[in-house]
Structures are given as structure tokens and as C-alpha cells.
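Below is one structure, written out as C-alpha cells; comments come after it.
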Amino acid sequence: MAEGVAAQQPSQIRVGLHLPQFVQDLATGEIKGQGTGAVIVQIAQALGTQLGVKVELVGHSSPPKLIECLQAHGCDTGFLGFVPKTFG
């Protein structure tokens with residue numbers, strides 16, 4: 001870091017969720033927790049409060065898509081919940 005240049009703290013944390021953990025309002029784009037995702041959103045908000053930053057919820061269609069987001073640095077963290085597989 002250059003002398004005299006302060007480290008810039010991020011203003012937000014991007015938290016990834018995957019279906020079925022959330023629902024998204026089609027009109028506003030707002031993401032809300034659903035099922036176990038309701039608790040995940042509360043945990044994410046508590047993390048943001050602890051860090052002193054805004055939380056941006058980032059929705060994904062599946063756990064692999066969330067992992068791709070993490071690997072591409074499009075999300076800072078994410079929650080991978082248990083999704084039972086249906087065998088038929």
C-alpha cells in the first residue's frame with residue numbers, strides 16, 4: 001500500500017443464496033428469504049451489521065450457480081443449504 005493511502009473498506013457484502021432459499025419480487029427485484037432462507041437472510045443481515053456494511057442478497061438458480069459466483073468473485077460469501085434429491 002502506498003504511503004498516505006488509507007485502505008478502503010468495502011461498503012457492502014454480497015451474500016449468495018440459491019433456490020429454493022429465496023423468492024424474488026418480479027416487480028422490484030427484491031430478494032426475500034423463504035423456508036431455511038428466512039433464517040439465512042437474518043444471519044446475513046447480522047453479519048452485515050457486525051461488519052458495518054450493507055448486505056446485498058444475490059440469488060442463483062442452483063447451488064452450482066452459487067459456487068460459480070463465489071469462484072468468479074461475484075459473491076463475497078454464500079449459503080449452501082441442504083436440498084434433498086428426488087430419485088425416481
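Before moving on, here are some points about what is shown:
- Looking across the range 6-30, the residues that are closer than 15 Å to GLY81 by Cβ, in contact (Cβ under 8 Å) with a residue 24 or more places away in the chain and not polar (S, T, N, Q) come down to VAL15, GLY16, LEU17, HIS18, LEU19, PRO20, PHE22.
- Residue list for the range 58-82, filter: out of contact with any helix residue (DSSP H, G or I) (no Cβ under 7 Å at 6 or more places or on another chain) and part of a strand (DSSP E or B): GLY59, THR77
- Candidates GLN71, GLN45: the one that is closer than 14 Å to VAL15 by Cα, under 11 Å from the mean Cα position of the chain (by Cα) and free of Cβ contacts under 8 Å to residues at least 12 places away in the same chain is GLN45.
- Selected residue (criterion: nearest to ASP76 (Cα to Cα)) from residues of the range 28-59 that are in contact with a Pro (Cβ under 9 Å, 6 or more places away or on another chain) and of a type in the set (Gly, Ala, Ser): GLY37
A short reminder: the numbers here are calculations on the coordinates, not readings from a lab. Because the structure is predicted, anything quoted here is derived from the model rather than measured. A quick note on method: Cβ atoms are made from the backbone with ideal geometry, for glycine too, and the neighbour counts reach across all protein chains shown.
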